[in-house]
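Have a look at the structure below, then the notes.
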Amino acid sequence: MSICWLNGDLLPVENAKISVMDHGLLYGDGVFEGIRFYHQQAFRLQTHLKRLFDSARAIQLDIPYSLSQLEKAVDDIIQASSDEAGYLRLIVTRGVGPLGINPEQCAAGSVIIIAASSSFVSERVLNEGARLIIATTRRISPDCLDPRIKSLNYLNHILARQEANAVKADEAILLNSRGHVTEGSTDNIFIVKNHCLLTPPVTDGALEGVTRGVILELAEKLGLAHRIQTLSPYDLYNADECFLTGTAMELIPVNEIDGRRLKHCPGEMFNTLSMAFKNQIDQETLAPELKRASS
Ligand SMILES: Cc1ncc(COP(=O)(O)O)c(C=O)c1O
């Protein structure tokens, strides 16, 4: 049974309802986070909640709960779910208001946390790697909407994903209005070239992904050469390795981009970082007594 935390109550997901007049539904006016838990512990919860509060502040949305109340809500839903590991979707809507986009008369927003199972990626993609296309749909330019705002409005990402679906690819990469690589429809992108790990800067139009941050941290810790750098489709086509990162999918190797097969899938850098990522998760989420038993 899937469960939901809705404004303080834990309910079966089928019984969790919000109004049709909520501006989150009417206009995509709201913010959200996708959070994973492992060993019944949320991973990088502070980073996710900070991004949530920063996104809300950027769109002048008051979250009707404090940081510590949301931490407790996340903990409560994890304990209530019967799963050892899973995925949470935390949403804050603008709230109920009259028709019309003006949020001025909206009541307090709803806070929703949905617990879901954690399988987002097919075995085929995990084993063989993902096939990517570069979408014709562009990412909304960072001078129009700051890409750090994780809002409920994903329409151009959805259009890009439909382009991938139309040619039976697994994911679409969005470029910005200048033709530079930004990210996938729900993930960040990394390439490896000449043993150096590269990912585009957030200022080119990528979400500041939590998983992206962990990978950059691990690269630093392991002494792997890495750089944040503007990338073009040419860089992707000529990469030695490529992989995607995101909370839902974790790390996914890429085997093909617009019909060009990459040299290595999974590559050496992917394997190293993938193992380090798993270890990091265990280190941060395993209870101390279990950590001792598994080492
Ligand atoms: C557009 C976009 N980019 C990147 C990501 C990956 O971010 P994170 O690692 O924080 O999940 C997401 C995740 O939802 C996303 O929606």
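Bear in mind these aren't lab numbers, they're just calculated from the coordinates by the rules spelled out. Owing to the predicted nature of the structure, the values given are computational and were not obtained by experimental measurement. Counting neighbours? That spans all protein chains shown, and the Cβs are built from the backbone with ideal geometry, glycine included.
Here are the numbers for this structure:
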quantity: Kirkwood-based Rg to Rh ratio, segment 3-116, C-alpha trace; calculated: 0.97
quantity: Summed side-chain charge close to residue 115 - residues other than residue 115 whose Cβ falls under 10 Å, Lys, Arg +1, Asp, Glu -1; calculated: 0
quantity: Scattering curve values for segment 123-282, log₁₀ I(q)/I(0), Debye with Cα scatterers, q = 0.15, 0.16, 0.17, 0.19 Å⁻¹; calculated: -0.73, -0.84, -0.96, -1.22
quantity: Cross-link partners of residue 150 among aspartates and glutamates (Cα-Cα below 20 Å; sequence separation of 8 or more within a chain); calculated: 22, 29, 33, 54, 62, 71, 171, 183, 187, 204, 208, 250
quantity: Linear extension gain, residue 124 paired with residue 136, 0.36 nm per residue minus alpha-carbon span; calculated: 1.7 nm
quantity: For a label point 7 Å along the Cα-to-beta-carbon line of residue 283, residues of segment 223-262 with backbone N under 17 Å; calculated: 223-225
quantity: Sum of side-chain charges, residue 263 neighbourhood, beta-carbon under 12 Å (Lys, Arg +1; Asp, Glu -1); calculated: -1
quantity: Extension gain (nm, one decimal) between residue 230 and residue 167, 0.36 nm per residue minus Cα-Cα; calculated: 20.0 nm
quantity: Principal axis dimensions, largest first and in whole angstrom, of the chain by Cα; calculated: 53, 52, 31
quantity: Charge dipole (segment 123-282, unit charges on Cβ, about Cα centre) - positive-most of 167, 273, 203; calculated: 167
quantity: Nearest-20 debye value, the chain charge dipole, Cβ charges on Lys, Arg, Asp, Glu; calculated: 440 debye
quantity: Relative intensity, log₁₀ I(q)/I(0), of segment 56-115 from a Debye sum that treats every alpha carbon as a point, q = 0.20, 0.21, 0.25, 0.30 Å⁻¹; calculated: -0.80, -0.85, -1.04, -1.28
quantity: Virtual spin-label span in nm between residue 261 and residue 76, 7 Å along Cα→Cβ; calculated: 5.4 nm
quantity: Ranked 260, 89, 161, criterion: other C-beta atoms within 10 Å, fewest first; calculated: 260, 89, 161
quantity: Label point 7 Å beyond Cα of residue 222 along Cβ direction - residues of segment 262-288 with amide nitrogen under 11 Å; calculated: 267-280
quantity: Formal net charge of residues neighbouring residue 34 (Cβ-Cβ distance under 11 Å; K, R +1; D, E -1); calculated: +2
